[in-house]
Amino acid sequence: MDQQSVADALDVLDDLIKWQLTARRWERVAELLDELGAAGRAGDDVRLREVVGALELVSPIRATPIGTEPTTPVPPVVLERRNERVDSLRGTGPEERRGGG
């Protein structure tokens, strides 16, 4: 995989743990993490960059309008998926340790 694409993905995944989002946006992040995993497994740099861009668009906005949905830190299930993607991109995931990646 393209090193710059991997570096960009790791950057957004590092930022993700600091985000405060609504439940609906965390659901979207979870979907995108699944897509990121699929792109990584396929070695698809173009799709990886697209998913990273989509994650950046989901990231929190600076100003929160009054009367908006409450936000929460990263839910445990999303954090676990995030950690799996980081391990996979760094080549330290379970598949890589078994010699399958």
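Quick notes on this one:
- Listed residues Ala7, Gly91, Leu32: farthest to the positive end of the dipole of the chain (Cβ charges): Leu32
- Springs join every pair of Cα atoms under 10 Å in this Gaussian network model of the chain, and among Leu21, Leu57, Leu33 the largest mean-square fluctuation is at Leu57.
- Trypsin sites (Lys or Arg not before Pro) restricted to segment 5-34 and DSSP loop, no more than 14 other C-beta within 10 Å: Lys18
- The Rg/Rh ratio of the chain, with both radii computed over alpha carbons and Rh defined as the Kirkwood radius, is 1.01.
- From its DSSP helices (H runs of at least four residues, each -39,500 (n - 2.57)), the chain gives a residue-normalised ellipticity at 222 nm of -21000 deg cm²/dmol.
All of the numbers you see were taken from the coordinates with simple rules; none came from a lab. Since we're looking at a predicted model, the values are computed, not measured. A quick note on method: Cβ atoms are made from the backbone with ideal geometry, for glycine too, and the neighbour counts reach across all protein chains shown.
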